[in-house]
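Enquirer: Before I ask anything, let me first share the structure, which is written out below as structure tokens.
The values are calculated or read from the model by the stated rules, or taken from the named source; none is laboratory data. Bear in mind that the values here come from a model prediction, so they are computed numbers and not experimental data. Cβ atoms come from the backbone with ideal geometry, glycine included; neighbour counts cover every protein chain shown.
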Amino acid sequence: MQLDISKDSLHVYEALASETRIQILNLLSQSSMNIKELAHALHMSSAIITRHIHQLENAKLIRTEKIPGKSGIQKISKLVVDKIEITFPTTIYPNFKMRSLELPVGHYTDYNVTPTCGLASSKDFIGHVDEPKYFMDARRMDAQIIWFTQGYLEYKVPNPLQTGEQMELLEISFEIASEFPYSNNVWPSDITFYLNGHTLGTWTCPGNFSDIRGKYTPSWWEDANSQYGLFKTIRISKHGTHFDGEILSALALDDLDITAELLTFRIAVEKDAKNIGGTTIFGKGFGNHQKDMEFKFYYSEKC
């Protein structure tokens, strides 16, 4: 689950702001339990536990299902989240001017992928899954989610800076996960990023997530399929390349042909990677962030 500092995430923070509810989450992390079992374990009444369960359900941290029991139908609660990330608002180099552009995930200019793989728009699959030839389908431009096990997608990005403007920082943001047939929250994948033919670095994505439905994932998409990714940001400055604030490599702006009219950005899972767990790239209409890949160009004006 991914949260931010906004009212939209407040119900989750409120659900976690209770010692009793934290104890319930710890118990459910070990096994699914019903109200009576939780009440007995915590030495509380069933009525009190029920109120706490409702708040955890509203926060989408747990799910309660009805199943047959010895004395009829019983409600069993289970944990559906195993990780929470919080994205804090940041201001990067506010003294620089900035231009940005969003690039739809289906607007790649080159590819080489192996199954499992596929593309989909917010309305339907594009072609047949696990057949790489459909990555050349004309409808690929409408893709809002793309996945593959090994290989790469490559994008051409127009450089918006004009004569007399000097790039100080390039920021690339996207929502991404690994790739697993259906989904697996623990499925590491080594994903490598390139810019203009230079290796920016490799990040190990922890999994492919379906513990809860993606905020913008369309209703026709099955619950068992990948629902959302992690929102990640690559920042390339004159001092190196960072991934979510952590150093990714020493590659700096001066090492790249950053003045070219077109920049080439590649996302790859290499055949010699330690963890070949594929990748899933989310655009508008899927996942938890209603945006495509975003490129922000921070610049100063030459005197």
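Enquirer: Whether any residue in region 204-213 is at pLDDT below 95 and part of a strand (DSSP E or B) is what I want to check.
Expert: Within region 204-213, one or more residues are at pLDDT below 95 and part of a strand (DSSP E or B).
Enquirer: Another question about this same structure. Taking interchain pairs and intrachain pairs at least six residues apart, which have beta carbon atoms under 7 angstrom, with the first residue in region 65-84 and assigned to a strand (DSSP E or B) and the second among the small types (Gly, Ala, Ser) and surrounded by 10 or more Cβ atoms within 10 Å (Cβ to Cβ)?
Expert: ILE76/SER32; SER77/SER32; LYS78/SER32; LEU79/SER29
Enquirer: Anything in region 236-268 that is touching a Lys or Arg at 6+ places or on another chain (Cβ under 9 Å) and either charged (D, E, K, R) or over 22 Å from GLU85 (Cβ atoms) (or both)? List them, or say none.
Expert: Selection gives ASP244, ALA252, LEU253, ASP254, LEU262, LEU263, THR264, PHE265.
Residue by residue, here is whether (1) of a type in the set (Gly, Ala, Ser); (2) surrounded by fewer than 16 Cβ atoms within 10 Å (Cβ to Cβ); (3) in contact with a Leu (Cβ under 8 Å, 6 or more places away or on another chain) holds:
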position: ASP4; (1), (2), (3): no, yes, no
position: ALA15; (1), (2), (3): yes, no, yes
position: SER18; (1), (2), (3): yes, yes, no
position: ILE24; (1), (2), (3): no, no, yes
position: SER31; (1), (2), (3): yes, yes, no
position: ILE35; (1), (2), (3): no, no, no
position: LEU38; (1), (2), (3): no, no, yes
position: SER46; (1), (2), (3): yes, yes, no
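Enquirer: Oh, and also: Among the residues that make up region 146-165, is at least one of them polar (S, T, N, Q) and farther than 22 Å from LYS97 by Cα?
Expert: Yes, some residue in region 146-165 is polar (S, T, N, Q) and farther than 22 Å from LYS97 by Cα.
Enquirer: Among the residues of region 120-148, write down those that are out of contact with any Cys (no Cβ under 9 Å at 6 or more places or on another chain), in contact (Cβ under 8 Å) with a residue 40 or more places away in the chain and not in a loop (DSSP other than H, G, I, E, B).
Expert: ALA120, ILE145
Enquirer: Residues being surrounded by fewer than 16 Cβ atoms within 10 Å (Cβ to Cβ) and closer than 21 Å to GLN2 by Cβ: count how many of those fall in region 48-68.
Expert: Residues in region 48-68 being surrounded by fewer than 16 Cβ atoms within 10 Å (Cβ to Cβ) and closer than 21 Å to GLN2 by Cβ: 2 in total.
Enquirer: Exactly one of these conditions fails for GLY245: (1) over 15 Å from the mean Cα position of the chain (by Cα); (2) of a type in the set (Gly, Ala, Ser); (3) surrounded by 17 or more Cβ atoms within 10 Å (Cβ to Cβ). Give me its number.
Expert: (3)
Enquirer: Considering only residues that are modelled with pLDDT under 90 and either hydrophobic (A, V, I, L, M, F, W, C) or surrounded by 15 or more Cβ atoms within 10 Å (Cβ to Cβ) (or both), which ones fall in region 94-124?
Expert: PHE96
Enquirer: Continuing with the same structure: With the structure loaded, tell me whether PHE265 is aromatic (Phe, Trp, Tyr), at pLDDT 95 or above and assigned to a strand (DSSP E or B) or whether it fails that test.
Expert: It is true that PHE265 is aromatic (Phe, Trp, Tyr), at pLDDT 95 or above and assigned to a strand (DSSP E or B).
Enquirer: Kindly indicate which of ILE172, ILE176, ILE126 is assigned by TED's automatic domain parsing to the domain that holds GLY283, of a type in the set (A, V, I, L, M, F, W, C) and in contact with a helix residue (DSSP H, G or I) (Cβ under 6 Å, 6 or more places away or on another chain).
Expert: ILE126
The rows are residues; the columns are (1) within 30 Å of GLN162 (Cβ to Cβ); (2) in contact with a Pro (Cβ under 6 Å, 6 or more places away or on another chain); (3) aliphatic (A, V, I, L, M); (4) in the same structural domain as GLU171 (by TED's automatic domain parsing).
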site: SER9; (1), (2), (3), (4): no, no, no, no
site: TYR13; (1), (2), (3), (4): no, no, no, no
site: THR20; (1), (2), (3), (4): no, no, no, no
site: SER29; (1), (2), (3), (4): no, no, no, no
site: THR50; (1), (2), (3), (4): no, no, no, no
site: LEU61; (1), (2), (3), (4): no, no, yes, no
site: GLN74; (1), (2), (3), (4): no, no, no, no
site: GLU102; (1), (2), (3), (4): yes, no, no, yes
site: VAL105; (1), (2), (3), (4): yes, no, yes, yes
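Enquirer: Do you know which of the residues in region 10-30 that are without any contact (Cβ under 8 Å) to a residue 12 or more places away in the chain and of a type outside the set (A, V, I, L, M, F, W, C) is nearest to GLY72 (Cα to Cα)?
Expert: So the residue we want is GLN30.
Enquirer: Enumerate the pairs (first residue in region 252-264 and in contact (Cβ under 8 Å) with a residue 40 or more places away in the chain; second residue anywhere and outside any strand (DSSP E or B) and of a type in the set (A, V, I, L, M)) with beta-carbon separation below 9 Å, excluding pairs fewer than 6 apart on the same chain, so at least 6 apart or on different chains.
Expert: As it stands, the answer is ILE258/LEU161; THR259/LEU161; LEU263/LEU256, since those pairs meet every condition given.
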